[in-house]
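Novice: This is the structure I want to talk about, given as structure tokens.
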Amino acid sequence: MKIKSILFLFVIGLICSCTSVKQYNAHVDKVIAVSDLKKDVDFTYKKLKRYHPKLDLYTSQKEIDFKFDSFKKTIDKPLKPNDFYIKFFPIFRSLKHGHTDVYPLNKRLEKKQKKKYEESKSAFNNYIFFWQNDSVFLVKDYSKTNPIVSGSALLAIDNYSTKELYNKYKQSIYGDGNNNTFSDNYFNRTFLNFITLDEGVKDSVELTFLMGNNIVRKKSYRTFPKIKTSQQDKKDTVLTKVVKQEQRKIRLKQKRYGYSRSSKSYSKDLSFPTNDSTIAVLRINDFRKGKTKELHKEIFSDIKNHHVDNLILDIRNNGGGYIKDAHYLYSYLVEDSKPFLGKKIVANKTSFGKSLYNLFPIPTYPLLWLGSGYTFFSTSKMDNEEYELKMPFSFVKIDENLVYKGNLYVLINGGSYSASSLIASNLQIKNRAYFVGEETGGDFNGTVAGLMPKFKMPHTKLHFSVGTVYLSPIEMREEKGRGVYPNKEIKQNLTTKIKNFDPELSWILKDISNANEQYNKILEK
């Protein structure tokens, strides 16, 4: 009887799961009434005003009110959720807060489909593309059959024009303030996601290229793993003790260094680009993964043991993460690292605590009640009518003997955002580093992030995120809405991409070989 009951519950769960996927996908194609769309606008604006502490940082409150009011008047016909998203995201963009964003609805896969695609590789897996201006070009075709020449322009994917894709979705990506480097950078790396959003998951696509003066079409297929025989499965499960130990070592290293399976890279990586071990590159891909405290100590022990005189900190395409992680890195680069953030501004005494309930499941609410109470009493009203959250965001304890005091170069670009932009601001404020690359995607003066609850609109079911804490560097700059500027501006282009050449790193290595000539013009030795 017990086994029958379990099987019955399993079947019921499976049926419910399939039904919920069908219902969800049906909703994506459902037309929503005008009155309900307007209610979603009101719901969204109410949440933004309730939780966002600096909604009017770049745009006046009067202008924001006018934008939302005018937008409601333009809604004159029923729309599907994602058509409403296309109409609504320009309002979010106009606020100029990158962490405050609205998201489209992607159709879900049923269980059989998920299993089918689980270990497959996309039909785009063999291609690397690069957007230059408003066109996309092929950097490399790794396929073995009739490879397309590098530098060819991609005109269409099936019948979907890349120009149409650009015009439809490019503006949906934005950073903080008035610069465009984040938008350009992130769209470059993620534009294929919008193809999946509009066209769904496909087993094959037809790519149309302009190769020289000729139009060339090429079919590309999704690849699936080979089906193993039962004999192969049995062979794979019989592992020697040595192999098991090696696999365990790999897993521990991946956990320690924050390995990403999608990018096949580690969160933190120290390397030596030349035969001279006194020159090192510290690549920080994110501030999310890895054993933060132990890892930073290990890295800077290596730097000290190699007697590194010139450290190149690479935070290009680092979209941020945990403040504590960024603070640990910063603490090993400057002698006085205790202040890492300026005042932490919230919307009101309860906004930060209330946002906790949006992020955690119902069983945790009794504990959250204590947490929200603590944040309430940690928030005080200032003379300028703003609210300051005095709760510390990070405690760092480092080995002060390992603090790096040599020459420091920092590589930045439009993908340097949020926490990575904050650490760049602090290093520039202290005149600690020489910056090479392009303007960061994050605002020099900070960002509204912290806890970022996601709310669901009641009718379209679109989700939107809201930053709840204004996080600023230790000092502010008079200019608003722009990122950290490089001392030497160098941008990647199609030619350098095709040659797999890093012009920013090359420039730094040349400056080091010239006795840090440019570095010493900006920074005291």
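Novice: Run the Debye formula on the Cα coordinates of the stretch 294-338, all scatterers equal and no solvent, and tell me log10 I(q)/I(0) at q = 0.23 1/Å.
Specialist: -1.00
Novice: Could you tell me which of rounded, prolate or oblate describes the stretch 275-364, using a ≥ b ≥ c as the square roots of the eigenvalues of the alpha-carbon gyration tensor, with rounded for a/c under 1.5 and, failing that, prolate when a/b is larger than b/c and oblate otherwise?
Specialist: It comes out prolate by the Cα gyration axes.
Novice: So, for the chain, what is the accessible surface per residue at a probe of 1.4 Å, expressed in square angstrom?
Specialist: Ligands and nucleic acids excluded, the figure is 55 Å² per residue.
Novice: FRET efficiency for ASP198 and LYS343, Cβ-Cβ distance as r, R0 = 45 Å, nearest 0.05?
Specialist: 0.55
Novice: Under 1.5 on a/c is rounded, so check that first for the stretch 333-400, then, if it is not, pick prolate when a/b is larger than b/c and oblate when it is not; a ≥ b ≥ c are the square roots of the alpha carbon gyration tensor eigenvalues.
Specialist: oblate
Novice: At a 10 angstrom cut-off on C-beta neighbours, averaged per residue, how do the peptides 251-258, 79-86 rank from highest to lowest?
Specialist: Averaged packing, sorted descending, gives the order 79-86, 251-258.
Novice: With a/c under 1.5 counting as rounded, go ahead and sort the chain into rounded, prolate or oblate using the C-alpha gyration tensor (a ≥ b ≥ c being the square roots of the eigenvalues; past the cut-off, prolate if a/b is larger than b/c, else oblate).
Specialist: Judged from the Cα gyration tensor, the chain comes out rounded (a/c under 1.5).
Novice: What does DSSP give for the chain in terms of the percent of beta bridges that are antiparallel, rounded to the nearest 5? Numbers along the way, then the final one.
Specialist: Working: 44 of 61 bridges.
Around 70 percent antiparallel, to the nearest 5.
Novice: Let me ask another. May I ask which residue of SER265, LEU109, GLN518 lies farthest towards the positive end of the charge dipole of the chain, with charges of +1 (Lys, Arg) and -1 (Asp, Glu) on Cβ and the Cα centre as origin?
Specialist: It is LEU109, whose Cα lies furthest towards the positive end.
Novice: If you don't mind, another one. Hey, what do the phi angles of the stretch 289-301 turn into as Karplus ³J(HN,Hα) couplings, whole Hz, using 6.51/-1.76/1.60 and θ = phi - 60°, x for Gly and Pro?
Specialist: Computed from phi, the couplings for the stretch 289-301 are 9, x, 7, 3, 4, 5, 5, 5, 5, 5, 4, 6, 5 Hz.
Novice: Cut-off under 12 Å on the C-alpha distance; same-chain residues fewer than 8 positions from LYS293 excluded. Which aspartates and glutamates are left, in chain and number order?
Specialist: Of all the aspartates and glutamates, those that pass the test against LYS293 - Cα under 12 Å, at least 8 places apart if same chain - are ASP325, ASP399.
Novice: Could you tell me the relative contact order of the stretch 297-448? Use alpha-carbon pairs under 8 Å, at least six residues apart, and round to a whole percent.
Specialist: Details: 223 pairs, mean separation 54.5, N = 152.
Computed over the stretch 297-448, the figure is 36 percent.
Novice: Ordered by residue, what ³J(HN,Hα) values in Hz, to whole numbers, does the stretch 203-219 give under the Karplus form 6.51 cos²θ - 1.76 cosθ + 1.60, where θ = phi - 60° and Gly and Pro are x?
Specialist: Going residue by residue, I get 7, 7, 9, 10, 9, 10, 10, 9, 10, x, 9, 10, 8, 10, 10, 9, 8 Hz, with x marking Gly and Pro.
Novice: State the percentage of accessible surface on the chain attributable to carbon and sulfur atoms; use a 1.4 Å probe and exclude ligands, DNA and RNA.
Specialist: C and S fraction of accessible area: 52 percent.
Novice: To continue, here is another question. Would you kindly compute the Cα radius of gyration of the stretch 122-194 and its largest Cα-Cα separation (Dmax), both in Å?
Specialist: Using the Cα atoms of the stretch 122-194, the pair Rg, Dmax is 13.1, 45 Å.
Novice: Another question, if that's okay. Please report the spacing between the Cα centers of the stretch 245-302 and the stretch 500-525 in Å, no decimals.
Specialist: Cα centres, the stretch 245-302 to the stretch 500-525: 24 Å.
Novice: So what is the relative contact order of the chain, in percent, for Cα pairs below 8 Å that sit 6 or more residues apart? The partial results should precede the final answer.
Specialist: Working: 908 pairs, mean separation 87.0, N = 525.
Taking the mean separation of contacting Cα pairs over the length of the chain, I get 17 percent.
Novice: Relative contact order for the stretch 389-525: what percent, with Cα pairs under 8 Å and sequence separation of 6 or more?
Specialist: This gives 24 percent for the stretch 389-525.
Novice: What does the extension gain come out to for PHE272 and TYR103, with contour length at 0.36 nm per residue minus their alpha carbon separation?
Specialist: Length gained between PHE272 and TYR103: 56.8 nm.
Novice: Could I ask something else about it? How long is the gain from ASN214 to ASP65 if the chain were fully straight, where each residue apart is worth 0.36 nm and the alpha carbon distance is subtracted?
Specialist: In short, 48.5 nm is gained.
Novice: Name the lysines eligible as straight-distance cross-link partners of LYS140: C-alpha to C-alpha under 21 Å, and not fewer than 8 places from it in the same chain.
Specialist: LYS121, LYS163, LYS218, LYS219, LYS264, LYS491, LYS497, LYS499
Novice: Rank-order 103-110, 430-437 by packing density, defined as the average count of other C-beta atoms within 10 Å over each peptide's residues, highest first.
Specialist: Per-residue Cβ counts within 10 Å, averaged per peptide and sorted highest first, yield 430-437, 103-110.
The values are calculated or read from the model by the stated rules, or taken from the named source; none is laboratory data. Everything numeric here is computed off the predicted structure, so don't read it as measured data. Virtual Cβ from ideal backbone geometry, glycine too; neighbours counted across all protein chains shown. Surface accessibility is based on the protein's heavy atoms, side chains included, excluding ligands, DNA and RNA. Shrake-Rupley method; radii C 1.70, N 1.55, O 1.52, S 1.80 Å.
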